[in-house]
């Protein structure tokens with residue numbers, strides 16, 4: 001396994017399975033913890049912890065007030081930030097964010113924008129004067145492959161958990177008054193779910209790669225779908241070429257995965273909602 | 001910023017898949033792209049420039065590649081190689097890097113959401129358009145070496 005990792009893997013792939021016992025199309029056990037009691041970020045407005053096998057990602061959402069931009073006076077902001085601290089894997093050093101973290105942040109920003117999961121107009125409090133800014137910090141605690149899937153899932157779960165206090169603008173003073181007693185949940189319009197694949201030897205596609213598999217793979221594909229079966233993002237950053245048919249196969253599997261993930265999220269949300 | 005980093009990652013991994021690095025061990029291949037003007041379809045322009053530069057450098061490549069941008073307009077029509085204005089009005093923008101061997105997809109990135117059928121249609125259109133671009137490569141290289 002250490003001397004000839006690729007040969008070791010090929011032997012398993014020939015039997016259509018993987019060293020950790022999974023099938024080629026099988027996902028790792030996914031667990032999600034949402035909210036202040038289970039997830040333990042008490043200072044955040046919304047939080048979620050997602051474990052995809054060993055890959056652990058935590059997402060905290062903080063809502064702050066700001067003036068909206070001049071050209072879009074009725075829109076708030078959503079600012080995602082993915083961090084890969086040096087504690088999650090050996091290859092990440094401390095210091096400014098590396099390329100992988102920045103590319104992941106851009107990917108999450110694109111997913112939020114493309115899927116329209118939150119309408120920025122919903123974040124506006126007073127046209128041209130006050131709007132919400134949602135800072136979504138996604139931090140990887142343990143990197144074992146498939147960062148993008150876990151990040152998107154954590155983000156979705158955390159946003160579903162966010163409760164925004166009611167803000168009114170006092171007519172006389174012109175100042176904003178925050179009513180912490182009255183909170184409303186965020187309106188999530190779409191639920192995007194990411195599914196990642198690793199390409200081996202230009203032909204074989206395996207789902208939910210671990211860090212070892214990602215290193216040996218010749219390419220990766222990430223497909224983000226929403227509940228209507230629409231594609232929010234097809235992210236294939238280089239790597240081995242794929243035919244259109246193989247891509248279609250990935251999309252079909254992504255749509256199936258979306259249903260499973262949606263069921264899981266709904267179940268967890270229902271279990272934490274106070275009756 | 002993060003956008004440039006993300007573009008760099010896309011370009012780098014596309015080139016890495018194509019350049020036969022095994023033939024040049026312990027070598028660094030540095031590709032510098034300077035945007036002189038952006039009038040739409042920037043990413044596919046970068047991809048085309050990168051491929052032609054690699055060709056011009058004489059590096060061993062497994063396959064040629066070209067970048068094609070498709071814009072999906074609100075009424076459902078597919079527009080290839082959109083201008084900046086058309087990109088703004090479009091519902092979705094899909095950029096593909098198509099390899100010259102069997103027109104396979106090397107790189108794909110999308111902005112905005114679209115249905116699966118629309119994506120397949122755009123991919124088919126991009127693969128057809130790739131023929132034109134590869135012909136342009138051939139003509140340029142012929143012109144370069146014919147003097």
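The values are calculated or read from the model by the stated rules, or taken from the named source; none is laboratory data. Since the model is a prediction, treat every value here as computed from it, not as a measurement. No Cβ is skipped: glycine too gets one built from the backbone with ideal geometry, and neighbour counts run over all protein chains shown.
You will find that of B:101, B:146, B:113, the residue that is at pLDDT below 90, exposed (fewer than 13 other Cβ atoms within 10 Å of the Cβ) and within 14 Å of chain A (Cβ to nearest Cβ) is B:101 and no other. Tell me whether the stretch A:188-199 contains one or more residues that are surrounded by fewer than 16 Cβ atoms within 10 Å (Cβ to Cβ), within 14 Å of chain B (Cβ to nearest Cβ) and closer than 30 Å to residue A:42 by Cβ. Scanning the stretch A:188-199, I find at least one residue that is surrounded by fewer than 16 Cβ atoms within 10 Å (Cβ to Cβ), within 14 Å of chain B (Cβ to nearest Cβ) and closer than 30 Å to residue A:42 by Cβ, so the answer is yes.
When residue A:75 is tested against (1) touching a helix residue (DSSP H, G or I) at 6+ places or on another chain (Cβ under 7 Å); (2) closer than 19 Å to residue A:220 by Cβ; (3) more than 10 Å from chain B (Cβ to nearest Cβ), exactly one condition is not met: (2).
For the stretch A:156-187, filtering for residues that are surrounded by 14 or more Cβ atoms within 10 Å (Cβ to Cβ) and within 18 Å of the chain's Cα centre (by Cα) leaves 8. Only one entry in A:202, A:226 is within 12 Å of another protein chain (Cβ to nearest Cβ) and touching a residue at least 60 places away in the same chain (Cβ under 8 Å), namely A:226. If you take the residues of the stretch A:246-258 that are more than 10 Å from every other protein chain (Cβ to nearest Cβ) and more than 16 Å from the chain's Cα centre (by Cα), which of them is nearest to residue B:95 (Cα to Cα)? Of everything passing the filter in the stretch A:246-258, A:250 is nearest to residue B:95 (Cα to Cα). The selection criterion, being within 14 Å of chain A (Cβ to nearest Cβ), in a loop (DSSP other than H, G, I, E, B) and under 19 Å from residue A:239 (Cα atoms), holds for residue B:31. Considered as a group, the residues in the stretch B:1-28 that are assigned to a loop (DSSP other than H, G, I, E, B) and more than 27 Å from residue B:90 (Cβ to Cβ) include one that is nearest to the other protein chains (Cβ to nearest Cβ), and that residue is B:20. Within the option set A:138, A:125, being assigned to a strand (DSSP E or B) and modelled with pLDDT under 90 holds for one residue only, A:125. Comparison of A:209, A:241, A:237 shows that the only residue that is within 14 Å of another protein chain (Cβ to nearest Cβ) and either touching a residue at least 60 places away in the same chain (Cβ under 8 Å) or touching a helix residue (DSSP H, G or I) at 6+ places or on another chain (Cβ under 7 Å) (or both) is A:237. Looking at A:87, A:24, just one residue is under 28 Å from residue B:12 (Cα atoms) and in contact with a strand residue (DSSP E or B) (Cβ under 6 Å, 6 or more places away or on another chain), and that residue is A:24. Residues that are in a loop (DSSP other than H, G, I, E, B), at the interface with another protein chain (Cβ under 10 Å from one of its Cβ atoms) and in contact with a helix residue (DSSP H, G or I) (Cβ under 8 Å, 6 or more places away or on another chain) are absent from the stretch B:81-94 altogether.
Exactly one residue among A:68, A:97, A:80, A:85 is assigned to a loop (DSSP other than H, G, I, E, B), within 14 Å of chain B (Cβ to nearest Cβ) and surrounded by 14 or more Cβ atoms within 10 Å (Cβ to Cβ), and that residue is A:97. From the set of residues in the stretch A:100-122 that are in a loop (DSSP other than H, G, I, E, B) and more than 9 Å from chain B (Cβ to nearest Cβ), which is surrounded by the most Cβ atoms within 10 Å (Cβ to Cβ)? Step by step, filter the stretch A:100-122, then rank; the result is A:117. Cβ separations smaller than 6 Å between residues 6+ apart or across chains give the following pairs from the stretch B:7-34 residues that are at negative phi to residues that are assigned to a helix (DSSP H, G or I) and surrounded by fewer than 16 Cβ atoms within 10 Å (Cβ to Cβ): B:9/A:99.
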